[in-house]
Amino acid sequence: MRALLRRMCYFLICDRGFLDFIVWVIVTLGYPAFLCSIYGRFLLRLAVRERPIYLYGDLDVLVVRADVPRWFIARELAVYNVLSRYVSLCSVNTGDRRPLEVLEGVLKCLGNQIR
């Protein structure tokens, strides 16, 4: 579906992607070496091609938003912060911003990629 949509339009906006799955596997299994496995390397290549925009927030804000333990969110945030430096087009802080401000940040990132 993503491949078909990518041929028809420039951008696909979705809630989860390959980067999210990689982070989930690493944190849930406690297996950072997953990135060195054949599956991890394959998924990482797909994540780079996906060119995600990393939406993040402060730990305290994320704890309030999610229904998972604080330690789990802290680990996810740490892994996301590292991997997003290599995979993401750019990052937008959603923690203390209104939805329209977040949208403006995302559109700015996308605008920089069109040029």
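The values are calculated or read from the model by the stated rules, or taken from the named source; none is laboratory data. Owing to the predicted nature of the structure, the values given are computational and were not obtained by experimental measurement. Neighbour counts run over all protein chains shown; Cβ positions are idealised from the backbone, glycine included.
Structure notes:
- Screening the stretch 71-115 for residues that are in a loop (DSSP other than H, G, I, E, B) and among the polar types (S, T, N, Q) and picking the one that is farthest from Leu44 (Cα to Cα) gives Thr94.
- Flag for Gly105 being among the small types (Gly, Ala, Ser) and either over 20 Å from Phe18 (Cα atoms) or in contact with an Asp or Glu (Cβ under 9 Å, 6 or more places away or on another chain) (or both): yes
- Among the candidates Val27, Val61, the residue that is assigned to a helix (DSSP H, G or I), hydrophobic (A, V, I, L, M, F, W, C) and in contact with a Gly (Cβ under 6 Å, 6 or more places away or on another chain) is uniquely Val61.
Here's the yes/no breakdown for (1) under 23 Å from Ile22 (Cβ atoms); (2) in contact with a helix residue (DSSP H, G or I) (Cβ under 7 Å, 6 or more places away or on another chain):
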position	(1), (2)
Ala66	yes, yes
Arg70	yes, yes
Ala78	yes, no
Leu83	yes, yes
Gly95	yes, yes
Arg98	no, no
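- Residue that is farthest from the chain's Cα centre (by Cα) [pool: residues in the stretch 59-113 that are closer than 29 Å to Pro32 by Cβ, among the basic types (Lys, Arg) and surrounded by fewer than 16 Cβ atoms within 10 Å (Cβ to Cβ)]: Arg70
- Check on Val68, at pLDDT below 95, part of a helix (DSSP H, G or I) and closer than 30 Å to Glu104 by Cβ: no
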